[in-house]
Amino acid sequence: MERTLSILKPDITRRNLTGAVNEKIEKNGLRIIAQKRLHLSLEEAQKFYAVHKERSFFNDLCSFMSSGPVVVQVLESDNAIEHYRKVMGATNPANADEGTLRHEFAESIEANSVHGSDSLENAAKEIAFFFSEIEMVG
Ligand code: ATP
Ligand code: MG
């Protein structure tokens with residue numbers, strides 16, 4: 001079993017789609033083993049996305065991620081990191097395959113509904129950013 005960090009972004013909470021996304025996550029065989037709703041400060045978003053600090057879209061991304069509540073989750077399945085990336089679809093919803101979360105829900109390349117860790121190393125860091133071991137129940 002593997003774990004990945006998922007975030008339902010502010011475009012999802014704004015449109016009251018938390019349950020709709022979670023239904024798809026669960027139907028795709030991922031188990032939500034931890035979950036909480038938070039409103040990130042700009043500083044917290046900048047810290048979480050520090051890997052992207054040199055990218056042109058960093059400031060816009062961090063303002064968007066702190067523009068409203070998010071739902072942070074730990075998802076568990078076999079091969080969870082790669083599996084969830086497939087369930088999410090391409091970063092730009094215009095390129096996301098039918099049936100993926102971003103194809104169904106995303107508004108734009110920035111407001112693209114969900115985040116998922118991209119490697120084992122980043123998943124461990126991102127999970128530890130939000131959750132302690134006692135909060136994860138498989
Ligand atoms: P995430 O890390 O959120 O799961 P990702 O791994 O598919 O998404 P990254 O390249 O890590 O994509 O970019 C992080 C986030 O930054 C994207 O999800 C998107 O919200 C935003 N982003 C990426 N590229 C652009 C861009 N060209 N313009 C605006 N925002 C962008
Ligand atoms: Mg990424």
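Brief remarks follow.
- Considering region 1-59, and only residues there that are without any contact (Cβ under 8 Å) to a residue 60 or more places away in the chain, farther than 16 Å from Phe129 by Cβ and touching a strand residue (DSSP E or B) at 6+ places or on another chain (Cβ under 9 Å), the residue that is most open to solvent (accessible area, probe 1.4 Å) turns out to be Glu26.
- Long-range neighbours under 6 Å by Cβ, at least six apart or interchain, first residue modelled with pLDDT of 95 or more within region 115-132, second surrounded by fewer than 19 Cβ atoms within 10 Å (Cβ to Cβ): Gly116/Arg85
- Members of region 106-128 found to be away from ligand 1 (no atom under 13 Å from the Cβ) and of a type outside the set (Gly, Ala, Ser), listed by number: Leu120, Glu121, Ile127
- Among the residues of region 95-138, the one identified as touching a Ser or Thr at 6+ places or on another chain (Cβ under 8 Å), within 16 Å of ligand 2 (Cβ to nearest atom) and acidic (Asp, Glu) is Glu126.
- A single member of Ser77, Ser132, Ser113 is open to solvent by 40 Å² or more (accessible area, probe 1.4 Å) and either under 21 Å from Ile33 (Cβ atoms) or aromatic (Phe, Trp, Tyr) (or both), and it is Ser132.
Listed here are the residues, each with its yes/no results for (1) away from ligand 1 (no atom under 12 Å from the Cβ); (2) within 18 Å of Asn16 (Cα to Cα).
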| position | (1), (2) |
| --- | --- |
| Arg31 | yes, no |
| Arg37 | yes, yes |
| Ser56 | no, no |
| Leu61 | no, no |
| Val74 | yes, no |
| Gly89 | no, no |
| Leu101 | no, yes |
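- Scan of region 102-127 for residues that are among the hydrophobic types (A, V, I, L, M, F, W, C), part of a helix (DSSP H, G or I) and under 18 Å from Leu61 (Cβ atoms), ordered by number: Phe105
The values are calculated or read from the model by the stated rules, or taken from the named source; none is laboratory data. Since the model is a prediction, treat every value here as computed from it, not as a measurement. Here Cβ is always computed from backbone atoms with ideal geometry, including for glycine, and neighbour counts include all displayed protein chains. These area figures cover heavy atoms from the full protein model, side chains too; ligands, DNA and RNA do not enter into them. Shrake-Rupley method; radii C 1.70, N 1.55, O 1.52, S 1.80 Å.
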